[in-house]
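A.B. asks: After the structure tokens below, expect a handful of questions from me.
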Amino acid sequence: MIGVIADDLTGAAEIGAVGLRHGLRAEIIRSGEPKGDTDIVCFDTDSRSCSSHDAAKKVAAAAQLLRAAGARWIYKKVDSVLRGHVTLEVEAVMQQLKLERALLLPANPSLGRTIRDGHYYIHGKLIHKTEFGRDPEYPRRSSQVLRLLKVPEKFSICLGNGDRLLPGQTIVIGEAGTPQDVNEWAAAISSPEILPAGGSEFFSALLDREKPATMNGADRLPSPPSGRELFICGTSTESSRKFVTAARRRKQPVMTLPAELVWGAELSPTARASITRRAVEAFDTHSRVILAVGLPLVQDAGIARKLSQNVVQIAEGVINEVPLTHVFAEGGATASELVRRMRWPRLTVQREQAPGVATLSVGNDQSTLLTIKPGTYTWPAQWT
């Protein structure tokens, strides 16, 4: 079994979908112990928005659990643009596993996310000049990779480029401008004494060295039957706004939050019940309903988090009243809040719809499927 530690649910699902692409069964857990009948166990610590102290405790506990469960090796999944407690969590896993070296490779060149000459680029544009520069919780205010990360407490940190060297007592950040760079870095992991950490593309390259990809995961599960679909859009990213705008043009029901919430006002029980009722009634005449923030992007992380939680509270009410075939959640915080409120502690990866977009089943129940993606990714064409 391979163990994975991710700081949010979309990251765990993304890695599980990569495993499925390689013909491996993947399970996501948020608590408890692995069942032992799967090839990859992705532990979602849900620690991106925690305090640094709690984040370190959570990932160390996950590393201990996975090692005790017999993980052959452990991968630390981090956000591809280095949001969250990246170095602190990598350090905590290294210390728990008694490792002295780590290779951190967050870039996903196949998705246009590259690191060259110490700078992070999104489709050729410096990251701080993209919408990531306006992220409410972790704004990327510089393109310099070393400035996007906190200095480790116990280890050195440095950028690695063409030499592929991994010195002791060091976290090396691998530069990667092409998929070939990622493959070459994967070849540098020559010892179990090195912690591999990073994005989905690095994990895929590591799996390729063990088990080359033979399938895309699409035939693992039959196409879901047509039925009622609920989209939960808990972010205000450009891709989310475009999706909602297109849905409105197609006359699909879209329910959004009251405008006053953007200034920090509370969503009243009356307003929540009203939106929930309208969404439930919309299913009488439509097979798809969309719940969205529907407000301008806010810079206050606390308000942004509350808006996402408000949308999920409404979604919970709808899910409890309407039999649904498929639930879609956009954004890591949104997906995590939904899974928490619905008390779904264990998820099985069923299909990779596109890079970063995964369909999950809840426990052994496939009557309702959950598909999730990061907020900045777009939904595949079959749903737009």
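A.B. asks: Explain nothing, just compute: Karplus ³J(HN,Hα) = 6.51 cos²θ - 1.76 cosθ + 1.60, θ = phi - 60°, for every residue of segment 288-302 in order, whole Hz, x for Gly and Pro.
C.D. replies: 10, 10, 10, 9, 9, 4, x, 10, x, 4, 9, 8, 7, 5, x
A.B. asks: Sticking with this one: Would you list which aspartates and glutamates come within 18 Å of Lys58, measuring only between C-alpha atoms, while excluding same-chain residues fewer than 8 positions from it?
C.D. replies: Asp7, Asp8, Glu33, Asp44, Asp46, Asp79, Glu89, Glu91, Glu153, Glu337
A.B. asks: Excluding ligands and nucleic acids, what accessible area in Å² is computed for Thr378 using a 1.4 Å probe, to the nearest 10?
C.D. replies: Looks like 100 Å² after rounding.
A.B. asks: I've got another one for you. Obtain the nm distance between the two label points defined at Arg341 and Val322 by a simple spin-label model: each point lies 7 Å from its Cα along the Cα-to-C-beta direction.
C.D. replies: Going from the Arg341 label point to the Val322 one covers 1.4 nm.
A.B. asks: Roughly how many nanometres apart are two label points built 7 Å out from the Cα toward the Cβ at Lys150 and Ala301?
C.D. replies: 1.0
A.B. asks: Among DSSP beta bridges whose residues both lie in the chain, state the antiparallel percentage, nearest 5. List each step's numbers first, then the result.
C.D. replies: Working: 23 of 70 bridges.
Bridges in the chain are about 35 percent antiparallel.
A.B. asks: Moving on to the next point. Please give, to one decimal in nm, the separation of the simple spin-label points placed at Ser287 and Ser190, each 7 Å out from Cα toward the Cβ.
C.D. replies: Taking the two extended label points, one gets 5.6 nm.
A.B. asks: Sticking with this one: Note the listed values (1) 39, 27, 19; (2) 34, 23, 19; (3) 112, 29, 14, then indicate which one is semi-axes √(5λ) of the Cα gyration tensor in Å calculated from this particular structure.
C.D. replies: (2)
A.B. asks: Please list, by residue number, every one of the GluC sites (Glu not before Pro) in segment 231-266 that is coil in DSSP and has at most 14 other beta-carbon atoms within 10 Å.
C.D. replies: Here the sparse-neighbourhood loop sites are Glu266.
A.B. asks: Asp46: accessible area at probe 1.4 Å, nearest 10 Å²?
C.D. replies: Accessible area of Asp46: about 60 Å².
A.B. asks: Shape verdict for segment 242-283, please, from the Cα gyration tensor: rounded (a/c under 1.5), prolate (a/b greater than b/c) or oblate. Could you put the intermediate results ahead of the total?
C.D. replies: Values: a/c = 4.66, a/b = 1.38, b/c = 3.37.
Taking the square roots of the gyration eigenvalues as a ≥ b ≥ c, segment 242-283 is oblate.
A.B. asks: Could you pull out every residue, at least 5 positions away or on a different chain, whose amide H is within less than 5 Å of the one on Gln353? Hs are placed 1.01 Å off N in the peptide plane, and Pro or chain starts have none.
C.D. replies: Counting only residues 5 or more places away or on other chains, the set is Ala358, Thr359.
A.B. asks: Amide H of Arg288 versus every other amide H placed in the peptide plane: which residues, excluding those fewer than 5 positions away on the same chain, fall under 5 Å?
C.D. replies: Glu229
A.B. asks: Please work out, to two decimal places, the log10 of the ratio I(q)/I(0) at q = 0.13, 0.18, 0.26 Å⁻¹ from a Debye calculation in which every Cα of segment 99-149 carries one identical scatterer.
C.D. replies: Results for segment 99-149 at q = 0.13, 0.18, 0.26 Å⁻¹ read -0.32, -0.57, -1.02.
A.B. asks: Sticking with this one: What whole-number distance in Å separates the alpha-carbon centres of segment 1-16 and segment 107-184?
C.D. replies: Answer, in whole Å: 20.
A.B. asks: Return the percentage of antiparallel bridges among DSSP beta bridges fully within segment 1-139, rounded to the nearest 5 %. Provide the component values of the computation, followed by the final result.
C.D. replies: Numbers: 7 of 20 bridges.
Of the beta bridges lying entirely in segment 1-139, close to 35 percent run antiparallel.
A.B. asks: Right, here's the next one. Between segment 41-72 and segment 303-337, how far is it from one alpha carbon centroid to the other, in angstrom?
C.D. replies: If we compute the Cα centre of each part, the gap is 24 Å.
A.B. asks: Summing -39500 (n - 2.57) over the DSSP H runs of n ≥ 4 in the chain and dividing by its residue number, what mean residue ellipticity at 222 nm do you reach, to the nearest 500 deg cm²/dmol? The partial results should precede the final answer.
C.D. replies: Numbers: 9 runs with 121 residues, N = 384.
Dividing the helical sum by the residues of the chain leaves -10000 deg cm²/dmol.
A.B. asks: Quick one: which residues, 5 or more positions from Ser143 or on another chain, have an amide H under 5 Å from its amide H? H modelled 1.01 Å from N in the peptide plane, none for Pro or chain starts.
C.D. replies: It is His128, by chain and number.
A.B. asks: When only Cα pairs under 8 Å and 6 or more residues apart are kept, what is the percent relative contact order across the chain? The partial results should precede the final answer.
C.D. replies: Values: 811 pairs, mean separation 75.6, N = 384.
Relative contact order comes out at 20 percent.
A.B. asks: Rounded, prolate or oblate: which fits segment 245-337 when a ≥ b ≥ c are the square roots of the eigenvalues of the alpha-carbon gyration tensor, with rounded for a/c under 1.5 and prolate only if a/b beats b/c? Walk me through the numbers on the way to the answer.
C.D. replies: Numbers: a/c = 1.58, a/b = 1.51, b/c = 1.04.
Because a/c hits 1.5 or more and a/b exceeds b/c, segment 245-337 counts as prolate.
A.B. asks: Report, to the nearest 10°, how far helix 238-249 tilts away from the longest principal axis of the Cα atoms in the chain, using its own Cα long axis and a range of 0 to 90°.
C.D. replies: Here the helix axis deviates by roughly 30 degrees.
A.B. asks: Just to verify a number: FRET efficiency for Cys158 and Arg278, C-beta to C-beta distance, R0 = 56 Å, to 0.05? List each step's numbers first, then the result.
C.D. replies: On the way: r = 55 Å, r/R0 = 0.97.
Here the calculated transfer efficiency is 0.55.
A.B. asks: Still on this structure, I have one more. Using θ = phi - 60° and the Karplus form 6.51 cos²θ - 1.76 cosθ + 1.60, what ³J(HN,Hα) does each residue of segment 174-179 get, whole Hz, x for Gly and Pro?
C.D. replies: x, 7, 8, x, 9, x
A.B. asks: For segment 71-89, list residues with backbone N below 19 Å from a point placed 7 Å from the Cα of Ala354 toward its Cβ?
C.D. replies: Label zone hits: 80-81.
A.B. asks: Still on this structure: So which trypsin sites (Lys or Arg not before Pro) in segment 100-207 end up in coil per DSSP with only 16 or fewer other C-beta atoms within 10 Å?
C.D. replies: Those satisfying the criteria are Arg141, Lys150, Lys154, Arg164.
A.B. asks: Here's a follow-up. I need the Kirkwood Rh of segment 2-132: take the reciprocal of the average 1/r across all distinct C-alpha pairs and report it in angstrom. Each step should come with its number before you reach the end.
C.D. replies: Details: mean 1/r = 0.0651 Å⁻¹.
Mean inverse Cα-Cα distance, inverted, gives 15.4 Å.
A.B. asks: Could you give me D for segment 79-188, from Stokes-Einstein at 20 °C and 1.002 mPa s, where the hydrodynamic radius is the Kirkwood radius over C-alpha pairs? Units µm² s⁻¹, please. Intermediate results must be reported in sequence, preceding the final value.
C.D. replies: Numbers: Rh = 14.2 Å.
Value of D from the Cα-based Kirkwood radius: 151 µm²/s.
A.B. asks: How large is ³J(HN,Hα), in whole Hz, for each residue of segment 77-94 in order, when computed from phi with the Karplus curve 6.51 cos²θ - 1.76 cosθ + 1.60 and θ = phi - 60°, using x for Gly and Pro?
C.D. replies: 6, 10, 4, 5, 10, 6, 7, x, 8, 4, 5, 4, 6, 4, 4, 4, 5, 4
A.B. asks: While we're here: Taking all pairs of distinct Cα atoms, average 1/r, flip it, and tell me the Kirkwood hydrodynamic radius of segment 280-324 in Å to one decimal place.
C.D. replies: Working: mean 1/r = 0.0839 Å⁻¹.
Every distinct Cα pair counted, the radius reaches 11.9 Å.
A.B. asks: Tell me the per residue accessible area of the chain using a 1.4 Å probe; a whole number in Å² is fine. Spell out each step's value before the answer.
C.D. replies: Working: 15970 Å² over 384 residues.
Each residue of the chain exposes 42 Å² on average to a 1.4 Å probe.
The values are calculated or read from the model by the stated rules, or taken from the named source; none is laboratory data. Predicted, not measured: the structure shown is a model, and the values here were computed from it. Cβ coordinates were reconstructed from backbone atoms using ideal geometry, including for glycine residues, and neighbour counts include every protein chain displayed. Side chains are part of the model used for accessible areas, which takes the heavy atoms of the whole protein and leaves out ligands, DNA and RNA. Shrake-Rupley method; radii C 1.70, N 1.55, O 1.52, S 1.80 Å.
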